[in-house]
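The values are calculated or read from the model by the stated rules, or taken from the named source; none is laboratory data. Everything numeric in this text was worked out from a predicted model, so none of it was measured. When we count neighbours, we look across all protein chains shown, and the Cβ atoms used for this are built from the backbone with ideal geometry, even at glycine. All accessible areas refer to the heavy atoms of the entire protein, side chains included, with ligands and DNA or RNA removed. Shrake-Rupley method; radii C 1.70, N 1.55, O 1.52, S 1.80 Å.
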Amino acid sequence: MGNSGGSLTTRATGELHGLMREAGFTGIDDTEALAEGWQVTDFADAGRRSLSTLVQRTGTPAVMVSFHDSDVGFVEALTPDGIGWEGLLNREMAESYEIPLEHFPIEPAVAGALAWSAAAGLTPDEDAIRHTLTGSALFAEELSSALLVALGLPGAT
C-alpha cells in the first residue's frame with residue numbers, strides 16, 4: 001500500500017506552513033481558506049506526533065486525514081485541551097487491504113467526533129458523521145470532504 005499524502009484542517013492563524021514544517025509535516029502544498037478562519041492544507045507526509053505538536057503550538061483544534069492510495073483515509077483529530085479521536089474512511093476498501101477494522105470501531109469514533117466538534121465550537125451532524133465513517137466512495141478524499149461538512153466546519157463542501 002502506497003501513501004498518497006494527506007490533508008490538515010485547522011483554524012490556526014499566522015503562517016501555517018512554517019508551523020507545519022516545524023511539527024514534522026513535509027511536502028506542504030497550498031492552503032485553501034474555508035470560512036471563519038478554518039483552512040485546509042495538503043501535505044505529503046507527517047510524523048507520528050506531527051498533529052499533536054501542531055495543535056500544542058497553535059493552540060487550535062485540527063483534524064488530519066492521511067490517505068493511502070486514495071483508497072483509505074486514516075483520521076486523527078485533536079483539540080488543545082486533549083479531546084481527540086481516530087477513525088477510518090472507506091472501510092470496505094480498508095478490508096480489502098487487510099487493515100484490521102476492529103482497530104477502528106465506529107461508535108467511539110462517532111462519539112469522539114461529536115466531542116471534538118463541540119470543543120472546536122462547531123455544530124456537528126451525528127448521522128452524517130456516522131454515514132461518512134461507514135460509507136464507501138471511489139476515492140477516500142470524497143469521504144474526507146464529506147466528513148469536514150459532517151463535523152460542521154464552516155465553508156466545507
Any idea how far the Cα center of the range 117-136 sits from the one of the range 29-95, in Å?
15 Å
Quickly work out the Val149-to-Ala33 label distance, labels modelled 7 Å from Cα along the C-beta direction, and quote it in nm with one decimal.
2.3 nm
What does the accessible area per residue of the chain come to in Å², with a 1.4 Å probe and no ligands, DNA or RNA counted?
47 Å²
Gyration tensor over alpha-carbon atoms, the chain, equivalent ellipsoid semi-axes in Å:
22, 18, 14
Size of electric dipole in the range 87-157: Cβ of Lys, Arg +1 and of Asp, Glu -1, about Cα centre, debye, nearest 20
200 debye
Classify the range 43-120: rounded, prolate or oblate, from the alpha-carbon gyration tensor (a ≥ b ≥ c, eigenvalue square roots; a/c under 1.5 rounded; otherwise prolate if a/b is larger than b/c)?
oblate
Point-charge dipole on Cβ atoms (K/R +1, D/E -1) for the range 5-53, about Cα centre, debye to 20:
300 debye
Cα→Cβ-extended label distance, 7 Å offset, between Ala111 and Thr13, nm
3.5 nm
Measure off, as a whole percent, the carbon and sulfur share of the 1.4 Å-probe accessible area of the chain, all protein chains present.
49 percent
Answer rounded, prolate or oblate for the range 85-157, using the Cα gyration tensor with square roots of eigenvalues a ≥ b ≥ c: rounded when a/c is under 1.5, else prolate when a/b is larger than b/c, else oblate.
oblate
Subtracting the Cα-Cα distance of Gln56 and Leu138 from 0.36 nm times their residue separation yields 26.1 nm
